[in-house]
Every structure is written in structure tokens, then in C-alpha cells.
Amino acid sequence: MIDRNIIGMAFPPFAITAEAGQLRFFAKAIGETDPVYFDESAARDAGHPTLPLPPTFLFSLELARPPSNWREEAGIELARVLHGEQSFTYRRMAHAGDTLHFDSRVTDVYEKKGGALEFVVMETRVTNQRSEHVADIRKVLVHRNG
């Protein structure tokens, strides 16, 4: 059983800079073909100061969060976890060279199927180096109980 006391738990905020090489690699990996994600001249011609972040790239940046043992402390066994859901609400564009700040917390824990499945909802607010609201990320982890 997942400890419900983790609801409201905030993770230490962290910041990471979006690097142009990473953006190009990610865009290629997701099959993006728009040149604004690869060519800085094309990005500027489209009105961007430099390469924009490809869709869902924030998920990759969030994976750089420093490790923590919060899951174990909450009773979550990593071998029983599935990635259940991910959503992004974009507020403004982010670009190569931006330093993005991630502030995350657990907002809910609930169960289904008589406790066979437990769900952990996490929400992250992303801001840039100017404290401008870039995006909100919501993800749901599914924990299969034995």
C-alpha cells in the first residue's frame, strides 16, 4: 500500500539548460521534420530567437532530476511501476539556451480494482530563467500490487 502521506510532497526544485544538440537529437528521434527544430536560420525566419524545444522534450529534461529514494519511502516498488499517463500544458515557448526550472509535487494517490492498482499523480510547473511560466506537466504512475 502506498503511503498516502506523500500527497502534497514537494520535490527539491532543479534547473537545467536546454542545449541545442540535445534538441536536434530529440527532434530527430521523434521523427520531426520541421527545419525550425534543426536549423537556427529556419528557426529565426519563423520568429524564434533560436531552436525551439520540440514537443514533449520537457519530459526528457525532467528525467535529469537528481535521484531520490522517495518511491521506496512511500512503499513503491520500481519493478511494479508503469508509466500511466503524461500531459503537457504549454504556456509559452522555450528555446535552446533557456534554463528551465522544474518544481514538482505529488498531488494525489488513489486506487482502483479493489486496491490491485494504485495511482500516483505528480504535477510539475516549469519556468524559465526569467521566471516566466513555460508549461505544466502532469504524469501518473501506476503501481501494480501483488
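Values in this text are rule-based calculations from the coordinates and carry no lab data. Only a predicted model underlies this, so the values are computations on that prediction, with no experimental measurement involved. Backbone-built Cβ (ideal geometry, glycine too); neighbour counts: all protein chains shown.
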*May I ask you to derive the FRET efficiency for M9 and L82 from their Cβ-Cβ distance with R0 = 22 Å, giving the value to the nearest 0.05?*
0.60
*In the stretch 83-98, which residues have a backbone nitrogen under 12 Å from the label point lying 7 Å from T56's Cα in the Cα-to-Cβ direction?*
85-88
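Tell me, in nm to one decimal, what length is gained between E72 and T17 on full extension, where the rule is 0.36 nm per residue of separation less the Cα-Cα distance?
16.9 nm
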*Computed E for S131/A42 - FRET, C-beta separation, R0 35 angstrom, nearest 0.05*: 0.75
